[in-house]
Structures are given as structure tokens and as C-alpha cells.
Amino acid sequence: MLSHYRFPGRYGPEWGSGGIFGLRYHRGVLYFTLAFEAEARFLDIKEGGEKVYDFTLLGKAPTSGGDTYNAVETVDEFIYFGGWVHAPAVYEGKNEKSTISFVNKYSHVHAYDTDSGEVRLLWKDSIHHPTDWAGEVSDIIYDPYNDRLLLAREDGHANLGVYALDRRTERAEALLGEPSAKGTLLHDSAFFGVGNNFAGGLREIKALDLITGKWESFKPGESVDGRPYVRPEYGPLASAYNRAFAFVRGGIVAGNPLMGEDFRFFRLFEFHTFYAPFRVNAINVGGGIVTAYNSYHDAVYRPEDRFGWTTTNTIVGPSVLLYVAPPMVKIIGAFGARITSIEKMGGQILLGANTAPNTGSTEATPFDTGNRDIVVLDEDVIQRRPPAVSFSVPLALQGREAFGGIPLEGYREPRMVLYLSRDNRLTVREYDLSLPAGGAFEDTFDLKAGRNIVELDSFSGIVSFELEKEDGKGKARIELR
């Protein structure tokens, strides 16, 4: 049934494309929100029926938006789903710019009762401004000690941070006043990423003790390959092995200072573009973590900002689905523009996918611009050999900075082909996702102008790269077979 779910773009004024978000299976019901059409869908898996809710408890139709960060949680018979919605949506038209009004944009949390099929609005927030908005709800985490919902809010202009929503009184209070997009439960604490994703990314990870209510702050830490990292815009947080994992642009931050292990950065898929684990979630499967690094999630459509256009529109490789089971990081799937949501159900892994990205504030469209579908994989994909994958990396974007962080797990013939305009020297650093974190081993290769092949089958784990000299005309092709 799910394999037939394909959604071409329909009316939903917003910035480009949304996607299928919030996939969650609970008590025989599969929920997801279709953005930007603002449709919350509830599928009865056993009986085959479907309920569609249009978010008009927030305001008048036509609505648009819904959720673009996978804000969903389940407690008892309820599916709690959040995000943001325009109610009603106002498309302002297209002249030199194409814009929408944010006067009717609401952040929200709803509850769906799997017993009765009823949808209730628990909480909403709006600043009713034409261009600014209240922080979207980008994550919902259940606090089992205090029987409340913890809401992460980073995307917006006001009311950002971590909020607690009482399930009984339906009242929300601010617990932290710094922008936070995602969090995860770990032991008796909740860890939250802190930082703005469009102004530098992850600055800190803060831990809320659920018992005492106290906060502690921790820095992301140094890179295991010994080289600097930049702009760690962050996607999902997850927990396993009594550690917190923050999946960020260019790598993974992992550790748990509360048990004496500082956070460290593990470089992964750093191409100095916007290739990142953004607008996707992470789930636990088989004791490990499944998540995705996306090729094309947010992009500048018009080329006035040439640097922003280049870094967001340069496609270096497919989106990859990962299985993280330290010290191993393994590619288990290769897909198109982006994976938007991940869930497991009945021995299968469900993926929401999209062909198009979010765009910018002056690039609005009156309809969603993507083609979205649900892909169904067998859960044993985590045990199979990895798929063939290749990356094509412009060296002009890498400069003399470290790049790559390519997981070699399961590949028999990995190699790197470099097309150079000048003689150069390549340093390859080898490491893995060991916990506690270790260091890296490095090797160097002298390269000549022209075509060079570096066989990577003598390396294992994860490898990152660095050139001694810049090459503004060169290209590196990484082939995993």
C-alpha cells in the first residue's frame, strides 16, 4: 500500500518544496505530514482506511506548511505531532521577488488519539508578523519523569529554545532561551543541540537533568583527524551506547561528558557544500542508528548570491542512508535529492523522499515544487553489502582544508581518481568511530598534474583527505565498489 504513495506538487504557498515528514507507526496507525500542502495523514495499516487533517483548527483554509523537521512523539494512545502552518496561507505574488506573508504562520502541537481517531490542537504560537515568525517546533521529546513534552525551537525570529508542554494543562513554559533544533533522551537527561543552522551551526550541546531540572553545557570538541572543521549545521540527535550523537554538516559529534567522555568530532561527508543530515530524522534499529546525509535539502534558486548558489547547488553525490554501529559507519542506501523522514514498521524501513529542496525567502511558489514518495526497504538492509556510490568533488571548494570522511565499511574496491591542474601532495587520514574516540593514522601520496588514481583498498574505517596546495581547476572522484 505504501509503495503507491506518490505526491506531485499541489497548492501550498511556501519556499520551494517540503516533503513527507514525521513518519511514525504507533498502535496500528502510520502517521506523516505532507508539506507544503499541510496534510496530516493517518493510515490504518490493518484495515486500510485513511484520515486526512488539514490543520484548520489553527485557522481558516487554505492552509500550507505542516512540518519540515520531523516533530513527532508517541505516548500512550496519542501521536503528538508539531511543526508550523500558515492558516490561511497568503501568496503575495511574483514581481522582482516572489513572496508569501507570515502574518498567519503558527507553530503548533496537535494530538491524534489512535483509539477514537480524534485530532486535538494542544498548543499554538504566532507573532503575526509579515516577514518574521515564532520559532517552529522542530522536535518533540517525551519526558517520562515529569510527564511532559519537550519542544525544540530553532527556526524563527522569536520564542526560540526549549519549551515544556504539560500534557494535562496544555500550557507551555520556556526552559531554555537559546535556539535549539533537535534533542535526544540519554540516561536521565535530555541533550539538545544549541545554535542557529543558518549562522554557524552547532555551538554547544546542553543537557537537561530531568530529575533536578539543572542544565549543563558542553562544546562539540576537537576532530579525531586533527584538522579544523567549519559550520557544523546540525540535523538530528540520537542516543545509543550511553552516548549522544549529533549528526552535523561534515561529520558526527559523539560522546557523553556526563559519564566522563568529552564530545569529539568525526569528519564525515565534508565537501564544503551544503551536503548535510538536514531536515531528516534518526531512528534506532538493531541497537544502532539509521539516518541520512542529504545532497539537496536547502538551496538558493536565484544566482545573485553566487557563493551561496554554488555551495547549495553543487551536487557532489547522492543522498546516503547510513547505519551507525560504532566503531562502524556503513552506507546502506543511495538515493536522490533528499530523504526527509525515516521509520521502521513490520520488519521494514520506511523512507520519505523528495526531488526538490527548500528555497529562499524571495523565491516562494504558490505550490510545492517537489515530487515526493515513500520508499520501503527490508530491515535486513543493515546486514547487506553496501551499494555502489560515487562522489564528484570540485577541488576549488576544498582549498587546502580537510575534506571527505568517507566510510569504507563493506567496500572491496574503493578508489579516488584525481584530475589535477598542477603537481600536488595528498594526505589521507584513516580513523573510525571508536568510543571513546581515538586518533587518526595518515599516509601521503605525491601526485602529478593530470589523472591520478589512489587505491583506497589498503585503508579501512573512514578516510578524509587534504591537499597541500589549492587547485582551482581540479576534481576528485571517489568511487566506492
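The values are calculated or read from the model by the stated rules, or taken from the named source; none is laboratory data. Just so it is clear, the model here is predicted, and its values are computed rather than measured. Don't worry about glycine lacking a Cβ; one is built from the backbone with ideal geometry, like all the others, and counts go over all protein chains shown. Calculation scope for accessible area: heavy atoms of the full protein, side chains included, ligands and nucleic acids excluded. Shrake-Rupley method; radii C 1.70, N 1.55, O 1.52, S 1.80 Å.
General remarks:
- Residue check for ASP378: charged (D, E, K, R) and surrounded by 22 or more Cβ atoms within 10 Å (Cβ to Cβ): no
- Cross-chain or 6+ apart pairs with Cβ under 6 Å, the range 58-78 first and farther than 23 Å from THR365 by Cβ and open to solvent by less than 10 Å² (accessible area, probe 1.4 Å), then among the aliphatic types (A, V, I, L, M) and not in a loop (DSSP other than H, G, I, E, B): ALA71/ILE140
Here's the yes/no breakdown for (1) of a type in the set (A, V, I, L, M); (2) in contact with a strand residue (DSSP E or B) (Cβ under 6 Å, 6 or more places away or on another chain):
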residue	(1), (2)
SER390	no, yes
LEU397	yes, no
TYR411	no, yes
ARG415	no, yes
ASP423	no, no
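Residues checked against (1) open to solvent by 10 Å² or more (accessible area, probe 1.4 Å); (2) under 23 Å from GLY193 (Cβ atoms):
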{"residue": "MET259", "(1), (2)": "yes, yes"}
{"residue": "ARG267", "(1), (2)": "no, yes"}
{"residue": "TYR275", "(1), (2)": "no, yes"}
{"residue": "MET328", "(1), (2)": "yes, no"}
{"residue": "ILE331", "(1), (2)": "no, no"}
{"residue": "PHE335", "(1), (2)": "yes, no"}
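- Hey, ARG243 charged (D, E, K, R) and crowded, with 24+ Cβ neighbours inside 10 Å or not: no
- Hey, ARG302 out of contact with any Cys (no Cβ under 9 Å at 6 or more places or on another chain) and at positive phi or not: no
- Within the range 157-179, being outside any strand (DSSP E or B) and either in contact (Cβ under 8 Å) with a residue 60 or more places away in the chain or closer than 17 Å to PHE78 by Cα (or both) holds for ARG167, ARG168, THR169, GLU170.
- Residue match in the range 61-79 (condition: touching a Gly at 6+ places or on another chain (Cβ under 6 Å), in a loop (DSSP other than H, G, I, E, B) and hydrophobic (A, V, I, L, M, F, W, C)): yes
- Any chance GLU466 is of a type in the set (Asp, Glu) and either touching an Asp or Glu at 6+ places or on another chain (Cβ under 7 Å) or surrounded by 15 or more Cβ atoms within 10 Å (Cβ to Cβ) (or both): yes
- Output for the range 180-203, where each listed residue is of a type in the set (A, V, I, L, M, F, W, C), under 30 Å from GLY308 (Cβ atoms) and touching an Asp or Glu at 6+ places or on another chain (Cβ under 8 Å): ALA181, VAL194, PHE198, LEU202
- Residues being surrounded by fewer than 22 Cβ atoms within 10 Å (Cβ to Cβ) and of a type outside the set (A, V, I, L, M) - total across the range 399-408: 3
- Hey, TYR53 open to solvent by 50 Å² or more (accessible area, probe 1.4 Å), more than 25 Å from ASP143 (Cβ to Cβ) and of a type in the set (Phe, Trp, Tyr) or not: no
- Unmet requirement for GLY250, which otherwise passes all of (1) farther than 25 Å from GLU379 by Cα; (2) over 16 Å from the mean Cα position of the chain (by Cα): (2)
- Test: residue in the range 440-451 that is part of a strand (DSSP E or B), under 29 Å from PRO326 (Cα atoms) and of a type in the set (Asp, Glu): yes
- For the range 196-204, the count of residues that are open to solvent by less than 10 Å² (accessible area, probe 1.4 Å), on the phi < 0 side of the Ramachandran plot and assigned to a strand (DSSP E or B) is zero.
- Residues of the range 4-40 classified as of a type in the set (Lys, Arg) and either touching a helix residue (DSSP H, G or I) at 6+ places or on another chain (Cβ under 7 Å) or surrounded by 18 or more Cβ atoms within 10 Å (Cβ to Cβ) (or both), total: 1
- When the range 419-450 is filtered for residues that are over 14 Å from GLU468 (Cα atoms) and either in contact with a Leu (Cβ under 8 Å, 6 or more places away or on another chain) or open to solvent by less than 20 Å² (accessible area, probe 1.4 Å) (or both), the ones remaining, listed by number, are TYR431, LEU433, GLY450.
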